[in-house]
Amino acid sequence: MSTTTAVAPLTIQDAELLVSAANRAAEASGVTVSVSVLDAGGNLLAFRRDDRAVLISGETSTRKAYTALQLNSPTADLVEAVQPGGLLHTLPTALDRPLLFLAGGVPVHRDGRLIGSIGVGGGAPDQDHGFAVVAVESLV
């Protein structure tokens, strides 16, 4: 008999809530951003780029979300680890994958399990991280 309980996956409704919450937080701060939400398999569930946000923010938000998902860690917590001498120093060049070690990517958990991630790009890294955290906290 299995004691494992199923955890509901990240739904499109969850993803839309995350995008809206991050955008509201950014707008309240006067910042224009792009927001990407990935499911546990790394598939894009939702994306929105404010039409005034810098174009590259779309790409950075998705890469931040991907990095947070793959390493199950906020990207803000990984910035030091990829610096010369850091534990993950060679990781950015070791893989042919779209990793980005800038703050703004945050994993999304439900009942202690990784179910996806969110990435925010367009503001300063600490702002992007804060908007992503606010969004994840809104998902209860």
Review point. Residue check: is Leu78 within 21 Å of Val31 (Cα to Cα) and in contact (Cβ under 8 Å) with a residue 12 or more places away in the chain?
Key: no
Study note, to complete from the structure: Exactly one of Ala81, Ala65, Ala76, Ala46 is touching a Pro at 6+ places or on another chain (Cβ under 8 Å), among the aliphatic types (A, V, I, L, M) and either over 27 Å from Thr5 (Cα atoms) or not in a loop (DSSP other than H, G, I, E, B) (or both), and that residue is Ala76
Exercise for review: Could you tell me whether Ser57 is surrounded by fewer than 18 Cβ atoms within 10 Å (Cβ to Cβ), part of a helix (DSSP H, G or I) and either modelled with pLDDT of 95 or more or in contact with a Lys or Arg (Cβ under 9 Å, 6 or more places away or on another chain) (or both)?
Suggested key: no
Point to revise | So Arg52, is it of a type in the set (D, E, K, R) and either surrounded by 14 or more Cβ atoms within 10 Å (Cβ to Cβ) or in contact with a helix residue (DSSP H, G or I) (Cβ under 6 Å, 6 or more places away or on another chain) (or both) | key: no
Point to revise | Selection status of Leu18, assigned to a loop (DSSP other than H, G, I, E, B), within 18 Å of Glu137 (Cβ to Cβ), touching a strand residue (DSSP E or B) at 6+ places or on another chain (Cβ under 7 Å) and at pLDDT 95 or above | key: no
Study note, to complete from the structure: Val19 vs (1) in contact with a helix residue (DSSP H, G or I) (Cβ under 6 Å, 6 or more places away or on another chain); (2) touching a residue at least 40 places away in the same chain (Cβ under 8 Å): all pass except (1)
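The values are calculated or read from the model by the stated rules, or taken from the named source; none is laboratory data. Everything numeric here is computed off the predicted structure, so don't read it as measured data. In this analysis, Cβ positions are derived from the backbone assuming ideal geometry, glycine residues included, and neighbour counts consider all displayed protein chains.
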